[in-house]
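Engineer: Let me begin by handing over the structure; questions about it come next.
The values are calculated or read from the model by the stated rules, or taken from the named source; none is laboratory data. Given the structure is predicted, the values throughout are model-derived calculations rather than measurements. For neighbour counting, all protein chains shown are included, and Cβ atoms are generated from backbone atoms with ideal geometry for every residue, glycine included. What goes into the accessible areas is simple: the full protein's heavy atoms, side chains included, and nothing from ligands, DNA or RNA. Shrake-Rupley method; radii C 1.70, N 1.55, O 1.52, S 1.80 Å.
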Amino acid sequence: MKIAFYGSSLVSSYWNGAATYYRGILRALAGHGYDITFYEPDAFDRQQHRDIDPPGYAKSVVYPATTEGLRTVLAEAGHADIVVKASGVGVFDRELLEGILDHGHDRALKIFWDVDAAATLDEMRVDPGHPVLGALDELDMVLTYGGGPPVVDAYLGFGAKQCIPVYNALDPETHHPVAPDERFACDLAFLGNRLPDREARVEEFFLRPAALLAGQRFLIGGNGWESKDMPANVRHRGHVYTAEHNAFNCTPRAVLNVARDSMANIGFSPATRVFEAAGAAACLITDAWEGIEQFLIPDREVLVARDGRDVADHLAALTPDRARTIGQAALARVLAEHTYALRGVQVDRLFREHVARSREAA
């Protein structure tokens with residue numbers, strides 16, 4: 001079956017936190033025999049910051065972020081058996097969603113894949129003209145990369161026919177243990193772009209512990225932090241390319257996950273970084289959010305902090321041996337239960353069940 005997938009970017013993770021997710025899911029689906037084309041706009045300098053070459057598991061089509069470029073790629077939707085519009089493309093989001101419904105053929109499976117369900121739902125609650133609200137009647141299903149029961153219930157309440165979480169996961173081919181790299185040597189590292197709905201939590205869970213533990217070393221990676229005032233024991237690395245993520249996770253004594261406000265509030269939303277860190281056998285400290293036990297066991301496979309004081313206490317008590325034990329336990333858990341190969345099985349089953357139902361109805 002042919003998939004036409006319209007998303008932010010497959011070849012660049014620059015200001016694009018969904019890149020690893022797209023890569024893992026689409027690689028897994030290609031292994032089930034799907035013929036995938038990923039359409040992404042030339043926008044936000046992502047093509048100037050590519051971190052992978054066009055992959056073998058999907059055809060990569062980069063189109064001009066213009067009306068003509070949009071028209072050209074939407075015409076391709078009519079040749080696909082499955083048409084996917086992901087959230088957060090950043091340009092022509094409304095037109096892309098309306099376009100896949102207009103251009104996809106009648107028998108095609110039409111999907112909205114929400115990679116930021118908390119934000120989308122917040123927008124829908126205050127905007128009765130939101131394009132997703134208007135499209136739910138024609139969409140066959142909504143897939144999300146997080147959110148669990150709260151997101152499923154909300155989408156069904158808005159009228160979605162189906163809403164199924166397909167969680168972030170680990171691709172062990174790309175994220176795995178490597179040798180330490182002195183560039184990332186520290187006691188605690190955090191990787192994430194500076195975003196308005198994350199900054200206060202980074203201040204609490206990362207910068208406050210740094211201030212409390214002046215004798216320890218802290219490292220922050222990601223875009224936007226260069227203008228942020230930080231304690232003297234914090235270094236900023238700027239954008240960390242995907243190829244450097246393993247060393248970034250393997251080198252520090254511990255790494256930190258900090259959810260955005262909206263994702264922490266709805267729970268059941270492990271970030272890609274959680275599985276990347278676990279895949280590298282890193283000792284992960286995460287802020288607390290509902291549903292974490294579904295993915296990692298607190299105090300055995302992950303350390304959970306309610307605030308910055310908890311982070312500081314965890315770090316002060318964390319020996320290298322304990323850090324290694326936690327990291328190895330996390331790696332074993334995600335390899336057993338949370339790989340993109342397993343997510344691919346889940347999505348393949350969803351697609352084939354839908355096709356079977358459609359044929360029966362016909």
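Engineer: Restricting segment 1-53 to residues that are charged (D, E, K, R) and open to solvent by less than 50 Å² (accessible area, probe 1.4 Å), which is farthest from R273 (Cα to Cα)?
Structural biologist: Taking segment 1-53 and keeping what is charged (D, E, K, R), we get 2, 23, 27, 35, 40, 42, 45-46, 50-51, 53.
Those left that are additionally open to solvent by less than 50 Å² (accessible area, probe 1.4 Å): 23, 40, 46, 51.
Details: R23: 14, E40: 23, R46: 20, D51: 17 Å.
Filtering first and then ranking leaves E40.
Engineer: A follow-up question, please. Of all residues being within 13 Å of A254 (Cβ to Cβ) and in a loop (DSSP other than H, G, I, E, B) in segment 183-229, which is most open to solvent (accessible area, probe 1.4 Å)? Just the residue, please.
Structural biologist: That would be R217.
Engineer: Please state which of the following conditions G69 fails to meet, knowing it meets all the rest: (1) open to solvent by 20 Å² or more (accessible area, probe 1.4 Å); (2) more than 20 Å from R343 (Cβ to Cβ).
Structural biologist: (1)
Engineer: Same structure, new question: Within segment 267-287, can one find any residue that is in a helix (DSSP H, G or I), open to solvent by 40 Å² or more (accessible area, probe 1.4 Å), touching a His at 6+ places or on another chain (Cβ under 9 Å) and within 23 Å of P180 (Cα to Cα)?
Structural biologist: Within segment 267-287, one or more residues are in a helix (DSSP H, G or I), open to solvent by 40 Å² or more (accessible area, probe 1.4 Å), touching a His at 6+ places or on another chain (Cβ under 9 Å) and within 23 Å of P180 (Cα to Cα).
Engineer: Would you check which residues across segment 32-79 are in a loop (DSSP other than H, G, I, E, B), among the hydrophobic types (A, V, I, L, M, F, W, C), within 27 Å of A135 (Cα to Cα) and touching a helix residue (DSSP H, G or I) at 6+ places or on another chain (Cβ under 9 Å) and list them?
Structural biologist: A58
Engineer: On to the next question. Check L101, L136 and return the single one that is closer than 30 Å to I292 by Cα, surrounded by fewer than 21 Cβ atoms within 10 Å (Cβ to Cβ) and at pLDDT 95 or above.
Structural biologist: L136
Engineer: Here's another thing I want to ask about it. Does segment 320-334 include one or more residues that are touching a residue at least 40 places away in the same chain (Cβ under 8 Å), open to solvent by less than 10 Å² (accessible area, probe 1.4 Å) and not in a helix (DSSP H, G or I)?
Structural biologist: Checked segment 320-334: no residue is touching a residue at least 40 places away in the same chain (Cβ under 8 Å), open to solvent by less than 10 Å² (accessible area, probe 1.4 Å) and not in a helix (DSSP H, G or I).
Engineer: Based on this model, can you work out whether E301 counts as crowded, with 22+ Cβ neighbours inside 10 Å, within 23 Å of T20 (Cα to Cα) and either among the hydroxyl-bearing types (S, T, Y) or free of Cβ contacts under 8 Å to residues at least 60 places away in the same chain (or both)?
Structural biologist: So E301 passes the test.
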